[in-house]
Amino acid sequence: NDVEQDVARRIIDTVSGRISPNAGFDDVALQLSGVISGLLGKPETISADDGGKPKVAIFVGPTGVGKTTTLAKIAANYMLTHKKSIGLVTADTYRIAAVEQLKTYAEILDIPVSVAYTAAELSEAVKQNSDKDLVLIDTAGRSHKNKAQFEELKAFVAASGADEVYLLLSSTTSSRNYREILSSYSFLPDYKLIFTKMDEASTCGIILNVRYLTGKCLSYITTGQSVPDDIETVNIDKITKNLIGSISK
Ligand code: GDP
């Protein structure tokens, strides 16, 4: 399932340490599930404040990974299911279509959207949404090879005063690429992980690998292009079962 060797070895070592030499197959399978779900940890999603200050979340990640679509899914779910008031801000001003895309979703949901071209404008836009429960900020995709773009992103993240940063990765990213991407985003003091395009991935090893490499919390996975349906909170049991396959208990 594309689980990296380091991670697999760690799992084997831990399981070996927990079972007796004559343990049966079922015992081993049970321990294996426990160790993997332990490594995956407890997922955390956005908690929108009830009253008081709005919760501010900023979405970052490589180009085309699905930031705008995911933000729209979260906005719609918090508005429709949790009855929260939402403000959207986009700092994704590199692509003309990106602003239009978010505005279209915002119009359908009847949510205000502000466009920020600079870090100062972003800070201002967040302030203007102080009456909301949740403020979601979209950013431009960064090529992990372009250093100047990262300096700008750093300034945007700082100016947003975000309570939470979400790093999005496509589930189809190769091991070499996600290592490079993670290293580019290592300037972020903390973030949670969203895995997009799980419907296009043949395995879910990336979730365990990236969680193991970063130690960051898992939050959502997205499973298709449909807004707002194709998003779910990471389901640790489901992923563990998927990783272990037919021997899962
Ligand atoms: P951004 O550049 O990171 O903001 O990415 P977009 O939100 O514009 O998405 C890029 C493309 O990926 C669009 O065609 C989306 O419909 C598609 N997309 C987003 N999320 C998913 C997903 O979970 N599964 C699939 N198959 N496509 C997705």
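The values are calculated or read from the model by the stated rules, or taken from the named source; none is laboratory data. Keep in mind that what you see is a predicted model, and the values were worked out from it rather than measured. Because the Cβ atoms are built from the backbone with ideal geometry, glycine has one as well, and the counts that use them run over all protein chains shown.
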Within the range 237-249, residues under 10 Å from Leu40 (Cα atoms), more than 16 Å from the ligand (Cβ to nearest atom) and crowded, with 19+ Cβ neighbours inside 10 Å come out as Thr240
Contact list, first residue from the range 50-64 and buried (at least 19 other Cβ atoms within 10 Å of the Cβ), second anywhere and modelled with pLDDT under 90, beta-carbon distance below 6 Å, six or more apart or interchain, is Lys55/Ala48; Lys55/Asp49; Pro62/Gly141
Considering residues that are in a loop (DSSP other than H, G, I, E, B) and touching a helix residue (DSSP H, G or I) at 6+ places or on another chain (Cβ under 8 Å), the number found within the range 171-202 is 5
Flagged pairs (Cβ under 8 angstrom, 6 or more apart or on separate chains; first in the range 136-152, charged (D, E, K, R); second part of a strand (DSSP E or B)) are Asp138/Phe59; Asp138/Leu88; Asp138/Val89; Asp138/Thr90; Asp138/Ala91; Arg142/Val60
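Answer yes or no as to whether Lys192 is modelled with pLDDT of 95 or more and more than 15 Å from the ligand (Cβ to nearest atom).
Numbers: modelled with pLDDT of 95 or more: yes; more than 15 Å from the ligand (Cβ to nearest atom): yes.
Yes.
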Reported set for the range 69-117 where residues are buried (at least 20 other Cβ atoms within 10 Å of the Cβ) and among the aromatic types (Phe, Trp, Tyr) is Tyr78, Tyr105
Of the residues in the range 203-249, those that are of a type in the set (S, T, N, Q), over 17 Å from Thr172 (Cβ atoms) and in a strand (DSSP E or B) come to Ser219, Thr233
When (1) within 15 Å of Gly41 (Cα to Cα); (2) out of contact with any Leu (no Cβ under 6 Å at 6 or more places or on another chain); (3) within 13 Å of the ligand (Cβ to nearest atom) are applied to Asn209, the one that fails is (3)
Among helices (runs of 4 or more DSSP H) completely within the range 72-162, the ones holding 2 or more residues that are within 16 Å of the ligand (Cβ to nearest atom) are 96-109, 147-160
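Considering the range 117-131 alone, what residues qualify as being under 22 Å from the mean Cα position of the chain (by Cα) and in contact (Cβ under 8 Å) with a residue 40 or more places away in the chain?
The answer is Val126, and nothing else.
Please verify whether Gly215 is buried (at least 17 other Cβ atoms within 10 Å of the Cβ) and under 16 Å from the mean Cα position of the chain (by Cα), treating the condition exactly as stated.
Values: buried (at least 17 other Cβ atoms within 10 Å of the Cβ): no; under 16 Å from the mean Cα position of the chain (by Cα): yes.
Criteria not met by Gly215.
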Ala29 fails exactly one of (1) more than 16 Å from the ligand (Cβ to nearest atom); (2) without any contact (Cβ under 8 Å) to a residue 40 or more places away in the chain; (3) of a type in the set (A, V, I, L, M, F, W, C), namely (2)
All-but-one check, Gln225 against (1) farther than 22 Å from Ala72 by Cβ; (2) surrounded by fewer than 18 Cβ atoms within 10 Å (Cβ to Cβ), failing number (1)
For Ile194, the lone unmet condition from (1) closer than 30 Å to Asp27 by Cα; (2) buried (at least 21 other Cβ atoms within 10 Å of the Cβ) is (1)
### Message
On the basis of being at pLDDT 95 or above and either under 30 Å from Leu213 (Cα atoms) or among the β-branched types (Val, Ile, Thr) (or both), does Ser37 make the cut?
### Response
yes
